[in-house]
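The values are calculated or read from the model by the stated rules, or taken from the named source; none is laboratory data. Because the structure is predicted, anything quoted here is derived from the model rather than measured. Here Cβ is always computed from backbone atoms with ideal geometry, including for glycine, and neighbour counts include all displayed protein chains. With ligands, DNA and RNA removed, areas are computed over all heavy atoms of the protein, side chains included. Shrake-Rupley method; radii C 1.70, N 1.55, O 1.52, S 1.80 Å.
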Amino acid sequence: MRNLIRCSLAMLLLFTFHAVSVNSALAWQASDEEGFKSIFDGKTLDGWQGDAKLWRVENGAIVGETTDSVKVDRNKFLYWHQGEVDDFALRLKFKISGTDRANSGVQIRSTVDDDGHMAGYQADIERGGKYCGILYSEKTGRGILCQRGQKVVQRGKKDKDVQQVSDAGELFKKVDIDDWNDMEIVAKGNHITVAINGNVTADFTDEDKELFVDRGRIGLQLHVGPPMKIEFKDIRLKRLPLAKEKKVVFVAGTKSHGWGAHEHNAGCLLLAQCLEQAYMDQGVPIHSTVYRNGWPSDPTAFDNADTIVAFCDGGGRHFLHRNGESFEDVMRRGVGLVCIHYGVEVPKGPSGQRFLEWIGGYFETDWSVNPTWTAKFEAIPEHAVTQGVEPFELQDEWYYHMRFADQAGRVTTLLSTLPPESTLSRKDGPHSNNPHVRRSVLEEKKPQAVSWAYERRDGKGRGFGFTGAHYHRNWGNDSFRTLVLNAILWTAHIDVPEGGVKSATPTGADLDANQDFPKPNKSGEKQRKKSKRK
């Protein structure tokens, strides 16, 4: 939860409310759909999670229904599990049937309990006219946040400024209670608006220091009560640039090497936690989202990203190799890109050329090598990314002899050293050895870069390559970790704090958390989960 600055003077707020209302109506009239992407395919519940006895797809709509024979004893939810939302605009159509007690709603920035119950902000829908269009807080203890026609600034549970700026009854008359209605929910920082058929029904600013939430899940509600039916269709999401922060999107690859190596999910989650700590302790304006286990199914995943971290297996399996063409649109916007360990390797050809343009270098087979060795970094150059990074020595699978872009001054080496001769003891192979690297290291004695920063030719985007992090335990080294955290900020165009990003040294428990494979026991055998035969 993050605290945000209080709103402006009451007269200015009132003017803004009416401006938002007019602009929202005009947006609907103009059918301005630029940037909106469908998160419901109109045919299946793919991407959504809920009780199949209550939720189905019918005639191009998501239907939630209770009957005399199918009842619920508490509110039920269907949530979109492909991603969480932060700042966004959500558009959909709804139709509600049943008695005047028929009630539903759209959850935003919400959490999902183990039993499927959602908690958080809700744009309310109902037939009776009392709650339709209000903003409610489901299962948080706050209850109604903003009644229909109100503009509310909430500073605490019982401390709020309330203005009735529109007539609640007149707004409800503009809802077609027996047919389809358009709903738009916009969340920008701590400001949330709800509009039905182009008319703003709730305008809420959350300055509650304890309960404000800036991210979470989208969901649909089926309310406890008499038999009813709620339908949703044309559900579209548009992500908005964050109001006061920059956003990093971590994309963690799938399972790979086993306990302690190529721990993509655990590594990304740990780095995201460190950045959250930097936000709280140093005021670094950064917001992190982690997509686990490969390429995101969320079609909006990168739409408001300022930088992206790819920590994954590479080569022909690299998700930026398989999705390179579509990802070019993201890079053209000037979004930063950080590639870690195997994530710096893609096949030669179009993918290799893209990496030269995006991060300034990559692991090229039959040119680069991937030995495991102890690198000693004695001289750390001055750069925004190296602030707070002290000389260090660490064993890792440090790739080297990268293929770099031929652009003087745009690629800056951050970590380099001369590898020992033992790193070239293997036979020649695509990753192991070759005449080019032997000449460079053994004959010419050239120090080899294992980490670098890159300024793209367009003058907007930045890239960073880091070949370490085969071993998950190495995130416990403060300089190793600080360099990568600094690079994430730098590629997002955030000023790196003097002395670098500060993060607590991870404990053994921290490093053990979220790993993909069971930890070996003392005898070296893997602990296996017991399973019961069904």
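Summary of computed values
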| item | result |
| --- | --- |
| Filter pass, SER104 being open to solvent by less than 30 Å² (accessible area, probe 1.4 Å), in contact (Cβ under 8 Å) with a residue 60 or more places away in the chain, among the small types (Gly, Ala, Ser) and over 19 Å from ASP234 (Cα atoms) | no |
| Qualifying residue in region 55-73 (condition: closer than 20 Å to HIS191 by Cα and open to solvent by 10 Å² or more (accessible area, probe 1.4 Å)) | no |
| For GLN515: the one exception among (1) within 25 Å of the chain's Cα centre (by Cα); (2) more than 21 Å from VAL344 (Cα to Cα); (3) assigned to a helix (DSSP H, G or I); (4) not hydroxyl-bearing (Ser, Thr, Tyr) | (3) |
| Residue ID - most open to solvent (accessible area, probe 1.4 Å), chosen from residues in region 441-485 that are out of contact with any helix residue (DSSP H, G or I) (no Cβ under 8 Å at 6 or more places or on another chain), among the small types (Gly, Ala, Ser) and closer than 20 Å to ASP406 by Cβ | GLY459 |
| Answer residue from region 242-278, given it is within 18 Å of ILE488 (Cα to Cα) and among the charged types (D, E, K, R) and is surrounded by the fewest Cβ atoms within 10 Å (Cβ to Cβ) among those | LYS244 |
| Selected residue (criterion: farthest from LEU483 (Cα to Cα)) from residues of region 336-357 that are aliphatic (A, V, I, L, M) and either crowded, with 24+ Cβ neighbours inside 10 Å or modelled with pLDDT under 95 (or both) | VAL346 |
| Search result, residues across region 379-436 that are open to solvent by less than 50 Å² (accessible area, probe 1.4 Å), closer than 26 Å to ASP313 by Cα and in a loop (DSSP other than H, G, I, E, B) | GLU397, TRP398, TYR399, HIS401, MET402, ALA405, PRO419, SER432, ASN434 |
| Yes/no for GLU210 being over 24 Å from LYS246 (Cβ atoms), within 23 Å of the chain's Cα centre (by Cα) and surrounded by fewer than 22 Cβ atoms within 10 Å (Cβ to Cβ) | yes |
| Residue match in region 420-440 (condition: among the acidic types (Asp, Glu) and in contact with a helix residue (DSSP H, G or I) (Cβ under 7 Å, 6 or more places away or on another chain)) | yes |
| Flag for ARG239 being under 30 Å from TRP490 (Cα atoms) and open to solvent by 40 Å² or more (accessible area, probe 1.4 Å) | no |
| Residue in region 437-488 that is nearest to the chain's Cα centre (by Cα), counting only those that are hydrophobic (A, V, I, L, M, F, W, C) and assigned to a strand (DSSP E or B) | PHE464 |
| Checklist (1) closer than 30 Å to LYS244 by Cβ; (2) open to solvent by less than 50 Å² (accessible area, probe 1.4 Å) applied to ILE144, failing item | (2) |
| Scan of region 329-348 for residues that are assigned to a loop (DSSP other than H, G, I, E, B) and either of a type in the set (Phe, Trp, Tyr) or closer than 16 Å to PRO241 by Cβ (or both), ordered by number | ARG333, GLY334, VAL335 |
| Where GLY459 falls short, out of the listed (1) farther than 19 Å from HIS262 by Cα; (2) touching a residue at least 24 places away in the same chain (Cβ under 8 Å) | (2) |
| Some residue of region 496-508 being free of Cβ contacts under 8 Å to residues at least 40 places away in the same chain, out of contact with any His (no Cβ under 8 Å at 6 or more places or on another chain), open to solvent by 30 Å² or more (accessible area, probe 1.4 Å) and not in a helix (DSSP H, G or I) | yes |
| Index of the failed condition, ASP182 passing every other in (1) closer than 19 Å to LYS93 by Cα; (2) open to solvent by less than 30 Å² (accessible area, probe 1.4 Å); (3) part of a strand (DSSP E or B) | (2) |
| Residues satisfying the stated conditions in region 237-260, i.e. under 14 Å from ARG292 (Cα atoms) and free of Cβ contacts under 8 Å to residues at least 60 places away in the same chain | THR254 |
| Filter result for SER326 (within 13 Å of the chain's Cα centre (by Cα), surrounded by fewer than 16 Cβ atoms within 10 Å (Cβ to Cβ) and among the hydroxyl-bearing types (Ser, Thr, Tyr)) | no |
| Whichever residue in region 76-90 is among the charged types (D, E, K, R) and open to solvent by less than 40 Å² (accessible area, probe 1.4 Å) and, among such residues, is farthest from the chain's Cα centre (by Cα) | ASP87 |
